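Trainee: The structure that follows is given in the form of structure tokens.
The values are calculated or read from the model by the stated rules, or taken from the named source; none is laboratory data. Keep in mind that this is a model prediction, so the values were computed, not measured. We place every Cβ from the backbone using ideal geometry, glycine too, and count neighbours over all the protein chains shown. When the accessible area is computed, the model is the full protein with side chains, heavy atoms only, and any ligands, DNA or RNA have been set aside. Shrake-Rupley method; radii C 1.70, N 1.55, O 1.52, S 1.80 Å.
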Amino acid sequence: PPGAVASGATAAWLYGADIRRPDEPLEITLPRGTAFRPRPGLSVRRAELLAEDVTEHRGLLVTTPIRTGLDLARLRGPVRDVTEAVVAVDALTHLGLFTPDDLAEYAGRKRFFRWRGIQRALTVAEHADPRSESPGESRLRMRIVRGGLPRPEAQYRLFDPHGRHVARLDLAYPDRRVGVEYDGEVHRDRWRADAARRNAVQSLGWDLYTYTALDLRPGGTTVLTQLRRRLLPP
């Protein structure tokens, strides 16, 4: 209907952020009070939409990147778990569409003061990191942080004593010489290169922990158990 705008994960997907699940309905936002009969495959939200909230992208009306980020930060995933919201904002900021500071400033505007999830959005902005290069990396970082461990440095460049670049680690604790990696599907076909890289990192006195999607399943304890044992004093 008139006034419908692609929003949320659908808008992020149109901008190039790989966060939308294949089975996820297309999301649109309508101005409040707009009549609309439900349709299969569509998720409909009603919210205030000002001219500054909407842009045209690839011939479609879409919420602007910062409004898209705000809506995802407020509403994506379980209320008490901001992980998937951080995944979405990481992806958008990695594309250079806005920064975490931009999101925090935007969420703090007076017009959003009473909107649902605004405090949550500010929390997401604090956790977001534009350096994250995949949803898996973001989920791994959030598993670590939500488990009470210090926030690791993302995309850490490791050099040998002669200044030669050895590896770029997904996550790292440089002061403890600990690297943490997420292995997605792409690593299945490059195990030989990964093994050589792991040996090079370990030869510099670093411990390297590698995790997959299996380690990030709900209720999994491997990541936190291993890293706590290595990082926290006895």
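Trainee: Filter region 101-124 down to residues that are of a type in the set (D, E), under 13 Å from R67 (Cα atoms) and under 16 Å from the mean Cα position of the chain (by Cα), then give me how many there are.
Mentor: 1
Trainee: Which members of region 26-35 meet the condition of being open to solvent by 40 Å² or more (accessible area, probe 1.4 Å) and touching a residue at least 24 places away in the same chain (Cβ under 8 Å)?
Mentor: The answer is P31, A35.
Trainee: Further question: Can you name the number of the only condition in (1) touching a residue at least 40 places away in the same chain (Cβ under 8 Å); (2) closer than 20 Å to P25 by Cα that A85 fails?
Mentor: Single failed check for A85: (1).
Trainee: Considering only residues of region 1-25 that are on the phi > 0 side of the Ramachandran plot and under 22 Å from the mean Cα position of the chain (by Cα), which is most open to solvent (accessible area, probe 1.4 Å)?
Mentor: G16
Trainee: Identify the single condition in (1) more than 24 Å from V44 (Cβ to Cβ); (2) open to solvent by 20 Å² or more (accessible area, probe 1.4 Å); (3) under 15 Å from the mean Cα position of the chain (by Cα) that F98 does not satisfy, given that it satisfies every other one.
Mentor: Evaluating F98 over (1) more than 24 Å from V44 (Cβ to Cβ); (2) open to solvent by 20 Å² or more (accessible area, probe 1.4 Å); (3) under 15 Å from the mean Cα position of the chain (by Cα) leaves (2) as the failure.
For (1) of a type outside the set (D, E, K, R); (2) more than 26 Å from D170 (Cα to Cα); (3) touching a helix residue (DSSP H, G or I) at 6+ places or on another chain (Cβ under 7 Å), each residue gets a yes or a no:
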{"position": "V82", "(1), (2), (3)": "yes, no, yes"}
{"position": "V89", "(1), (2), (3)": "yes, no, yes"}
{"position": "H94", "(1), (2), (3)": "yes, no, no"}
{"position": "L97", "(1), (2), (3)": "yes, no, yes"}
{"position": "E105", "(1), (2), (3)": "no, yes, no"}
{"position": "R111", "(1), (2), (3)": "no, yes, no"}
{"position": "I118", "(1), (2), (3)": "yes, yes, yes"}
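Trainee: Condition check: in a helix (DSSP H, G or I), free of Cβ contacts under 8 Å to residues at least 24 places away in the same chain and not hydrophobic (A, V, I, L, M, F, W, C). Does E52 satisfy that?
Mentor: Against the criterion (in a helix (DSSP H, G or I), free of Cβ contacts under 8 Å to residues at least 24 places away in the same chain and not hydrophobic (A, V, I, L, M, F, W, C)), E52 qualifies.
Trainee: Output yes when any residue across region 206-217 is open to solvent by less than 20 Å² (accessible area, probe 1.4 Å) and touching a Ser or Thr at 6+ places or on another chain (Cβ under 9 Å), and no when none is.
Mentor: The answer is yes; a qualifying residue exists.
Trainee: Keeping to region 20-42, report how many residues are within 27 Å of H127 (Cα to Cα) and outside any loop (DSSP other than H, G, I, E, B).
Mentor: Qualifying residue count, region 20-42: 4.
Trainee: So which pairs qualify, if the first residue must be in region 149-167 and acidic (D, E), the second must be open to solvent by 90 Å² or more (accessible area, probe 1.4 Å) and in a loop (DSSP other than H, G, I, E, B), the Cβ gap must be under 8 Å, and the two must be at least 6 apart or on different chains?
Mentor: none
Trainee: Can you name the number of the only condition in (1) at pLDDT 90 or above; (2) exposed (fewer than 15 other Cβ atoms within 10 Å of the Cβ) that L158 fails?
Mentor: (2)
Trainee: For region 169-200, give me each residue that is modelled with pLDDT of 95 or more and either open to solvent by 60 Å² or more (accessible area, probe 1.4 Å) or over 24 Å from V87 (Cα atoms) (or both).
Mentor: D175, R176, R177
Trainee: Being within 17 Å of the chain's Cα centre (by Cα), crowded, with 19+ Cβ neighbours inside 10 Å and not acidic (D, E) is the requirement here; does T64 meet it?
Mentor: No; evaluated as a whole, the condition is false for this residue.
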